[in-house]
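What follows is a short report on a single structure.
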Amino acid sequence: MTTTAGPSTPVSAVLAATGETPGPRAVTGGPGLPQRRQLVTELPGPRSRELLARREAAVARGVSITFPVFVVAAGGGILVDVDGNALIDLGSGIAVTTVGNSAPAVVDNVIRQVQAFTHTCFMITPYEGYVAVCEQLARLTPGDHEKRSALFNSGAEAVENAVKIARIHTGRQAVVVFDHAYHGRTNLTMALTAKNHPYKNGFGPFAPEIYRVPLSYPYRDGLSGAEAAARAIRVIESQIGAHNVAAVLIEPIQGEGGFVVPAEGFLPALAAWSKAAGAVFVADEVQTGFARTGAMFGCEHEGVVPDLIATAKGIAGGLPLSAVTGRAEIMDSAHPGGLGGTYGGNPLACAAALGAIETIERDGLVERARAIGARVLPRLRAVAARVPALGDVRGRGAMLAVEIVDPATGRPDGAAAGAVARRCHAEGVVVLTCGTDGNVLRLLPPLAIGDELLDDGLAVLVTALESLAG
């Protein structure tokens, strides 16, 4: 059955095309949305194709689309498109909708806030929500030292401001980053990012004093964490000089770079070196933060306490918000007026963040992330045992990945990874690729997803992966 729902068609009418009865919050995409995959048209359907044509006439070519279906409702682990198809979401908008697309606490907080006021600019006339978010960040982030926070809009802004703070605190300029890193698309964060295409190609010149060193990549280098850290430190000391380093910036688990989990001991060794060298150790937890990895923050798995931590994505249940949180003496190095922005810590986003944090803690989503990993990883490893193209299965919690390689050579096979993703999309399961060579399939299911729906999505993925066996 197909539907001709238009842009202004009520969500309830679109859902009716699936034969489902909306739950109590289905009209807002809330938890009442039926939690099962159902395809009523080809993908993309006719209305999505119409909107795609409009998009191509109005949106800049540089803004790409992974899966050209247009969503009208979402909740739990389901996305409903304009044609009435119900898709399984294993991407969470790139790790943003950790608590679901419209968790009640997030929605209710935002409604109350939007009815009160939408904006004043915290730097002009402040409001409690900003302060409350900073208080929660001080409570939640690793370490019991005195902390301060500053709020921004995007992960790239948070990372860029962390670099600013580290430089003014140390009086140094050099920033150490790692192979395969991704930190954003602003000029400075493009310089911090490793991958050229599509993120950097043609957009230079880039900011100076950025130095790249080898990462711990167990599948590729076979080194222990201690060995990989010693290698990285040798490069820093010989090619940069410890006395020049303002910051060592690293993702506890790489995101766009391929969901690379460093070998045990790598992160603690770098944090210890940074402390001894007087450099600021910065954890980019934009993708790993807020319960995603089975800890509130990824660096907690090895007890690492960063000097500064950059967060975004899962912090606010889908609204744009980011933060830099860190040691009070470092954060307070910036002079008044040196940090901020017109929209940073917008009151709606702060209200959403407080709702998201409440949901994570009330619903036990840290434990839920661990349960998802325990459910998914064994099945993926079983496939890898019989399909040689699956070079590596890795991840923590609900941040999981499969690296696809040429079985004969072990080289990255981005074409095969893309084919698997497209096969999943055709069956109504949203998965993402990543990696420097585009050969890694990444899974980022919302932590609100139920086991039955997760199993259905995983079954589709397993079938697609098994097709690589020939």
Gain on full stretching of the segment that runs from Ala426 to Phe203 - 0.36 nm per residue minus C-alpha separation = 76.9 nm
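What list do you get for Leu339, Leu444, Leu90 if you sort them by fewest beta carbons within 10 Å?
Working: Leu339 18, Leu444 30, Leu90 27.
So the ranking, lowest neighbour count to highest, is Leu339, Leu90, Leu444.
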May I ask you to evaluate 6.51 cos²θ - 1.76 cosθ + 1.60, the Karplus curve with θ = phi - 60°, for each residue of the stretch 219-234 and list the ³J(HN,Hα) values in order in whole Hz, giving x for glycine and proline?
-> 5, 9, 9, x, 8, 6, x, 5, 5, 5, 5, 4, 4, 4, 5, 4
For Lys164, counting only aspartates and glutamates whose alpha-carbon sits under 19 Å away and dropping same-chain residues fewer than eight positions off, the answer is Glu209, Glu251, Asp284, Glu285, Asp307, Glu329, Asp332
Send over the semi-axes of the chain's equivalent ellipsoid, whole angstrom and largest first, taken as the square roots of 5 times the C-alpha gyration tensor eigenvalues.
-> 35, 28, 20
Extension length gain for Ala132 and Val235 (0.36 nm per residue less Cα distance), in nm, is 32.9 nm
Hey, fewest Cβ within 10 Å first, where do Val305, Val63 land in order?
-> Val63, Val305
List Ser224, Ser149, Ser238, Ser322 from most exposed to least, where exposure is judged by having the fewest other Cβ atoms within 10 Å.
-> Ser238, Ser224, Ser149, Ser322
Centroid-to-centroid separation of the stretch 88-122 and the stretch 426-470 [C-alpha atoms, Å] | 25 Å
Sequence-distant or interchain residues sharing an amide H contact under 5 Å with Gly340, placed H: which?
-> none
Potential lengthening between Ala57 and Cys121 on full extension [0.36 nm per residue; Cα-Cα distance subtracted] = 19.6 nm
What percent does the relative contact order of the chain come to when contacts are Cα pairs within less than 8 Å and at least six residues apart?
-> 20 percent
For the chain, percent of DSSP beta bridges that are antiparallel (nearest 5) comes out at 65 percent
Which entries in the list Lys200/Lys313; Lys195/Lys313; Lys195/Lys275 go over 25 Å, if you measure between the two C-alpha atoms of each?
-> Lys195/Lys275
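Laboratory data are not the source of any read-out in this text; all were calculated from the coordinates shown. All values reported here derive from a predicted model rather than from experimental measurement. Cβ atoms come from the backbone with ideal geometry, glycine included; neighbour counts cover every protein chain shown.
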